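K.L.:
I have a structure here, written as structure tokens, and I will follow up with some questions on it.
The values are calculated or read from the model by the stated rules, or taken from the named source; none is laboratory data. Treat the numbers as computed from the prediction; the structure is a model and nothing was measured. Positions of Cβ are generated from backbone atoms using ideal geometry, with glycine treated the same way; all protein chains shown enter the neighbour counts. Just the protein is used for accessible areas: all its heavy atoms, side chains included, with ligands, DNA and RNA removed. Shrake-Rupley method; radii C 1.70, N 1.55, O 1.52, S 1.80 Å.
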Amino acid sequence: MKTSKSRIQLLCSIFISLCFTNIASAQRIDGSQEISLETVKKWSAPYRGWHYHPHHVIPPEPNIKGFKKVNKTDVPTVFQLPDDPKWYMSFIGFDGKGYQSFIAESDDLLNWTQMRLAMGYGKKGEFDYGGRVLGAYLYEDYGINARRTLKKKDGKYWSLYGAYAKQGGYEIDPGYEGVASSKDGISWQRAKNQYILSIHEPDVGDWEKDCIYMPWLVEHEGLFYNFYNAKKMPQWIEQIGLAKSTDLLNWKRYPNNPVLRVRPKGFDEKFCADGKVFRDGDHWVMFYFGVGRGHAHIMVAFSRDLHHWVADPEPLYKAGGHPSGLDRNHAHKISLVWNPKNETYYLFYNAVGNKGRGIGLITSKPLSPSKK
């Protein structure tokens, strides 16, 4: 009996020890356990206190030839092409019916010209008939200071895109995501006829059951990561989830979604949305927008493993920060690039205020006056 009792005690001791080992291992795997608020503040400090450009770099009515009805611009995403010194920016134009994606080009990141259609409406009855929102590009390098060069895979450039099936308004539910490709980086086409993410898959979560919004693409260690925001009604809460793929065409959701959640009474109490992820030294940084206290604000979060994120509770840039009122209502949907010529970050964002909805700019150094 004593021997049996001793064996039982020993087995229990081993079992408990294993349990604690597994818990400790889980804590080590969970990157959030390793990122303190002090570290978050340290990592976010370099992105604060930047300088506002005085006006929209792309106005609400950009006067695009053949698209005179566009009266709102949104979702800037800057990229470059291999062996091409120019900068390109995709953005969407809203014409009263829905979204279409356009591309402009620039030599100095301030003056944008040659605006033309990049990807227009899909066919009637299909998931992207109400518009297509390019911007989740496959880049060669996701480093925070890296050149935003599009990467070719199977001889083509690639982007995930947001989409809507219905025309007649701004982002009509339920929303979808598709995948597009391009031979030249300017004109884009569907790479798959079926959507890649929607509210209709069996693994859709309760948090995302009413609408899928904008993706963001990251390639890391042989996998593709899609950070996307989605909505739950009737409260209209948007949070950020993660899906993964090995081929850009077929995606599976991360089981512990959402990876970035709203926080009660914070600047992101209603929305965590539109995450843009880059590598910054030994960690990842996600620029996203939070909606709280009546407005949208530019926020930041950090991770060591792309799965577990800790957000700074204080916005990098609050709505209303622009001295002229350019972003009085909302400051959100960023695109960050590094210009090695003047060693300056350019943070393009959607500035909604006293001059409508257009593309604004915040820079890490003061710039010379625009030539406009």
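K.L.:
Which FRET efficiency value, to the nearest 0.05, do you get for Asp184 and Ser368 by plugging their Cβ-Cβ distance into 1/(1 + (r/R0)^6) with R0 = 22 Å?
P.N.:
It comes out at approximately 0.10.
K.L.:
Along the Cα→Cβ direction, 7 angstrom out, place labels at Gln167 and Arg263. What is the inter-label distance in nm?
P.N.:
Placing both labels 7 Å beyond Cα along the Cβ direction yields 4.3 nm.
K.L.:
Could I have the simple spin-label model distance between Ala146 and Lys65, label points 7 Å from Cα toward Cβ, reported in nm to one decimal?
P.N.:
That separation, rounded to one decimal, is 3.5 nm.
K.L.:
Sum up the charges of everything whose Cβ sits under 10 Å from the Cβ of Ala180, counting Lys and Arg as +1 and Asp and Glu as -1, but leave Ala180 out.
P.N.:
+3
K.L.:
Please give the length that would be gained between Asp107 and Glu221 if that part of the chain were fully extended, namely 0.36 nm times their separation in residues minus their C-alpha to C-alpha distance (nm, one decimal).
P.N.:
Roughly 37.8 nm would be gained on extension.
K.L.:
Then there is this: Are there trypsin sites (Lys or Arg not before Pro) in the range 279-343 that DSSP puts in a loop and that have at most 12 other Cβ atoms within 10 Å, and which ones?
P.N.:
Within the range 279-343, the qualifying trypsin sites (Lys or Arg not before Pro) (loop, at most 12 other Cβ atoms within 10 Å) are Lys341.
K.L.:
For the range 313-335 and the range 164-235, write down the distance between their C-alpha centroids in whole Å.
P.N.:
25 Å
K.L.:
Any idea what Rg and Dmax come out to for the chain if you just take the C-alpha atoms, in Å?
P.N.:
Taking only Cα atoms of the chain, I get Rg and Dmax of 22.0, 92 Å.
K.L.:
Assuming a viscosity of 1.306 mPa s and a temperature of 10 °C, what translational diffusion coefficient in µm² per second does Stokes-Einstein assign to the range 314-368, Rh being the Kirkwood radius over Cα pairs?
P.N.:
For these conditions, the coefficient is 137 µm²/s.
K.L.:
As a test of understanding, state the convex hull volume per residue of the range 168-285 from its alpha carbons, in Å³.
P.N.:
158 Å³
K.L.:
Once both axes come from the Cα atoms, what is the angle between helix 2-29 and the longest principal axis of the chain, in degrees from 0 to 90, rounded to 10?
P.N.:
Tilt of helix 2-29: around 10 degrees.
K.L.:
Just tell me which lysines come within less than 20 Å, Cα to Cα, of Lys42; anything on the same chain fewer than 8 places away is out.
P.N.:
Cross-link targets: Lys276, Lys318, Lys365.
K.L.:
What number comes out for the charge environment of Lys252, summing +1 per Lys or Arg and -1 per Asp or Glu over other residues with Cβ under 10 Å away?
P.N.:
Net charge around Lys252: 0.
K.L.:
In debye, nearest 20: dipole of the range 250-372 around its Cα centre with unit charges on the Cβ of K, R (+) and D, E (-)?
P.N.:
The calculation lands at about 440 debye.
K.L.:
Please identify, among Phe67, Phe79, Phe278, the residue showing maximal mean-square fluctuation in a Gaussian network model of the chain using a 10 angstrom Cα cutoff.
P.N.:
So, out of Phe67, Phe79, Phe278, the one fluctuating most is Phe67.
K.L.:
Net charge near Glu269, counting Lys/Arg +1 and Asp/Glu -1 over other residues with Cβ under 9 Å of its Cβ?
P.N.:
Neighbour charge sum, excluding Glu269 itself: +3.
K.L.:
Which of Leu336, Leu197, Leu37 ends up with the largest GNM mean-square fluctuation for the chain, with Cα atoms connected below 10 Å?
P.N.:
Leu37
K.L.:
Distance from a point 7 Å along Cα→Cβ of His200 to each backbone N in the range 142-173: keep the residues under 16 Å and list them by number.
P.N.:
What the label zone holds, given the 16 Å backbone N cut-off, is 163-167, 173.
K.L.:
For the range 135-241, which GluC sites (Glu not before Pro) are in a loop by DSSP, counting at most 10 other Cβ atoms within 10 Å?
P.N.:
Passing sites in the range 135-241 are Glu221.
K.L.:
Here is a further query. When the chain is fully extended, how far beyond the present Cα-Cα distance does Asn256 get from Lys341, taking 0.36 nm per residue of separation?
P.N.:
Between Asn256 and Lys341, full extension yields 26.4 nm more.
K.L.:
Let me ask something else about it. Below 8 Å between Cα atoms, with a sequence gap of 6+, how large is the relative contact order for the chain in percent?
P.N.:
Over the chain, the number comes to 15 percent.
K.L.:
Okay, moving on. Which order do Ser101, Ser368, Ser36 take when ranked by solvent-accessible area (1.4 Å probe, heavy atoms of all protein chains), largest first?
P.N.:
Result of the area sort, largest leading: Ser368, Ser36, Ser101.
K.L.:
Now for a different question. Once amide H atoms are placed 1.01 Å from N in the peptide plane, what residues at a sequence separation of 5 or more from Val300, or on another chain, have their amide H within under 5 Å of its amide H?
P.N.:
Under 5 Å from the amide H of Val300: Tyr288, Asp312, Leu316.
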